[in-house]
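K.L.:
One structure, as structure tokens, below. Some questions next.
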Amino acid sequence: MIMTDAMRDAAAGVTRDMTVDEAPPLHRPGLTPPLLPSASLPQHVAVVMDGNGRWANARGLPRTEGHRVGEANLLDVVAGAVEIGVSELSAYAFSTENWRRSPGEVRFIMGFARKVLRAQRDILHSWNVKVRWVGRTPRLWRSVLRELREAERLTAHNTGLVLNLCINYGGRAEIADATRAIAEDVAAGRLKASSINEKIIQRYLYSPTMRDVDLFIRTGDEQRTSNFLMWSSSYAELYFSPLAWPDFNRTELWRACEVYAGRERRYGGAVDKVLHEEPGEVGVPQDDETPEDDEQ
């Protein structure tokens with residue numbers, strides 16, 4: 001396992017904020033990603049970064065130390081995504097439900113997120129990563145929002161990996177907000193109700209240009225999606241890691257991508273590998289299989 005500086009500090013009981021010089025390198029000497037066919041590589045990977053608090057408590061540390069190590073660890077996973085050729089990475093950094101945590105933990109996460117964004121945006125920019133914020137404005141600290149907007153501005157013209165930082169995000173909230181906006185536009189005459197379809201709904205989501213999620217990863221030995229990217233993850237392949245987020249690094253990401261490459265994706269379709277049709281009958285509907293529209 002790769003030991004980051006943040007992990008060493010946590011193990012030693014040292015508390016300090018990560019600096020730019022301590023960031024993981026884009027390419028680690030001696031580590032190369034597996035060679036996967038481009039058609040078998042997930043283009044959009046979503047990650048629920050779970051297990052920070054439990055990781056810290058298991059080491060006799062407060063939960064906040066787990067968040068400190070986990071936030072710093074995200075950069076290593078981003079680097080791994082860049083190396084293997086993933087096009088888009090969505091990180092579930094803070095959910096709309098996380099406001100229910102203790103005020104002290106929420107204050108730490110918001111304050112630390114602000115510091116990390118300020119420190120990491122230049123690194124991400126040098127890696128040609130484009131940063132996007134995905135989430136709700138209400139309740140989000142204005143100082144955090146400023147750092148998110150500045151990261152978006154700085155990296156707006158980058159052409160590499162798209163990093164979606166999902167902060168103050170909830171899947172149900174996103175769909176509810178989209179539905180409300182659609183209803184308002186219908187009521188105002190800007191949109192016809194009869195024209196609403198999946199493409200229209202996509203336009204009203206927080207990030208309309210977001211790709212569908214191909215690979216959905218959750219760490220922390222939990223097996224649920226926790227209200228993350230519900231619309232975009234409809235056909236995602238699920239990968240549950242027993243590792244807590246601070247122990248999940250670029251090599252673990254690559255392992256998940258290898259598992260994904262070995263799966264067969266059918267999107268509701270199927271191929272019958274044992275055919276019984278008589279010659280000339282394949283695809284010919286029987287009387288009771290004729291669509292109703294053809295009978296009218």
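The values are calculated or read from the model by the stated rules, or taken from the named source; none is laboratory data. The structure displayed is predicted, hence computed values, not measured ones. Glycine also receives a Cβ, built like all others from the backbone with ideal geometry; neighbour counts cover every protein chain displayed. Heavy atoms of the whole protein, side chains included, go into the accessibility calculation; ligands, DNA and RNA do not. Shrake-Rupley method; radii C 1.70, N 1.55, O 1.52, S 1.80 Å.
K.L.:
Does Thr179 meet the test of being among the hydroxyl-bearing types (Ser, Thr, Tyr) and open to solvent by 50 Å² or more (accessible area, probe 1.4 Å)?
P.N.:
Numbers: among the hydroxyl-bearing types (Ser, Thr, Tyr): yes; open to solvent by 50 Å² or more (accessible area, probe 1.4 Å): yes.
Taking the combined requirement at face value, the residue satisfies it.
K.L.:
Which strands (runs of 3 or more DSSP E) sit wholly inside region 44-134 and have at least 2 residues that are small (Gly, Ala, Ser)?
P.N.:
88-95
K.L.:
OK, next. Please specify each residue of region 95-115 satisfying the condition of being open to solvent by 20 Å² or more (accessible area, probe 1.4 Å), of a type outside the set (D, E, K, R) and modelled with pLDDT of 90 or more.
P.N.:
Residues satisfying the conditions are Thr96, Asn98, Trp99, Ser102, Pro103.
K.L.:
Any idea which of Asn168, Asn227 is closer than 27 Å to Arg107 by Cβ and in a loop (DSSP other than H, G, I, E, B)? Spell out how you get there, then give the answer.
P.N.:
On the way: Asn168 fails: in a loop (DSSP other than H, G, I, E, B).
Checking each option against the conditions leaves just Asn227.
K.L.:
Is there any pair with a first residue in region 98-113 that is in contact (Cβ under 8 Å) with a residue 24 or more places away in the chain and a second that is surrounded by 15 or more Cβ atoms within 10 Å (Cβ to Cβ) and aromatic (Phe, Trp, Tyr) whose Cβ atoms are under 8 Å apart and which are 6 or more apart or on different chains, and what are they?
P.N.:
Ile109/Phe94; Met110/Phe94; Met110/Trp141; Ala113/Phe94
K.L.:
Let me ask something additional. Within region 1-32, track down each residue that is open to solvent by 30 Å² or more (accessible area, probe 1.4 Å), assigned to a loop (DSSP other than H, G, I, E, B) and at pLDDT 65 or above.
P.N.:
If the condition is that a residue be open to solvent by 30 Å² or more (accessible area, probe 1.4 Å), assigned to a loop (DSSP other than H, G, I, E, B) and at pLDDT 65 or above, then Pro25, Leu26, His27, Arg28, Pro29, Gly30, Leu31, Thr32 are the ones that fit.
K.L.:
Can I ask one more? Kindly indicate which of Gly170, Gly85, Gly80, Gly70 is on the phi > 0 side of the Ramachandran plot, open to solvent by less than 40 Å² (accessible area, probe 1.4 Å) and within 16 Å of the chain's Cα centre (by Cα). Steps first, please.
P.N.:
On the way: Gly170 fails: on the phi > 0 side of the Ramachandran plot; Gly80 fails: on the phi > 0 side of the Ramachandran plot; Gly70 fails: on the phi > 0 side of the Ramachandran plot.
Residue meeting the stated conditions: Gly85.
K.L.:
Inspect region 211-225 for any residue being in contact with a strand residue (DSSP E or B) (Cβ under 8 Å, 6 or more places away or on another chain), open to solvent by 80 Å² or more (accessible area, probe 1.4 Å) and without any contact (Cβ under 8 Å) to a residue 40 or more places away in the chain and give the result as yes or no.
P.N.:
Within region 211-225, one or more residues are in contact with a strand residue (DSSP E or B) (Cβ under 8 Å, 6 or more places away or on another chain), open to solvent by 80 Å² or more (accessible area, probe 1.4 Å) and without any contact (Cβ under 8 Å) to a residue 40 or more places away in the chain.
K.L.:
I'd like to verify a number: residues in region 127-161 that are in contact (Cβ under 8 Å) with a residue 40 or more places away in the chain and either within 17 Å of the chain's Cα centre (by Cα) or more than 21 Å from Ser207 (Cα to Cα) (or both), how many?
P.N.:
Total satisfying the criteria: 8.
K.L.:
Another question, if that's okay. What number of residues in region 207-218 are more than 30 Å from Leu243 (Cα to Cα) and touching a helix residue (DSSP H, G or I) at 6+ places or on another chain (Cβ under 7 Å)? Working first, answer last.
P.N.:
Filtering region 207-218 for residues more than 30 Å from Leu243 (Cα to Cα) gives 208-209.
Keeping just the survivors that are touching a helix residue (DSSP H, G or I) at 6+ places or on another chain (Cβ under 7 Å) gives 208.
Looking only at that region, the number is 1.
K.L.:
Taking the residues in region 131-152 that are of a type in the set (D, E, K, R) and in contact with a strand residue (DSSP E or B) (Cβ under 9 Å, 6 or more places away or on another chain) as candidates, determine which candidate is farthest from Glu88 (Cα to Cα). Break it down into steps so the answer makes sense when it comes.
P.N.:
Just the residues of region 131-152 that are of a type in the set (D, E, K, R), to begin with: 132, 136, 139, 142, 146-147, 149-150, 152.
This time we only want the ones that are in contact with a strand residue (DSSP E or B) (Cβ under 9 Å, 6 or more places away or on another chain), so: 132, 136, 139, 149, 152.
Values: Arg132: 10, Arg136: 20, Arg139: 27, Arg149: 19, Glu152: 15 Å.
Here the answer is Arg139.
K.L.:
Out of region 164-208, which residues are touching a residue at least 12 places away in the same chain (Cβ under 8 Å) and either among the aromatic types (Phe, Trp, Tyr) or over 30 Å from Ala113 (Cβ atoms) (or both)?
P.N.:
Tyr169, Ile182, Ile196, Ile200, Tyr204, Tyr206
The rows are residues; the columns are (1) open to solvent by 100 Å² or more (accessible area, probe 1.4 Å); (2) touching a Lys or Arg at 6+ places or on another chain (Cβ under 6 Å); (3) modelled with pLDDT under 75.
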{"site": "Cys257", "(1), (2), (3)": "no, no, no"}
{"site": "Tyr267", "(1), (2), (3)": "yes, no, yes"}
{"site": "Glu277", "(1), (2), (3)": "no, no, yes"}
{"site": "Thr290", "(1), (2), (3)": "no, no, yes"}
{"site": "Asp294", "(1), (2), (3)": "yes, no, yes"}
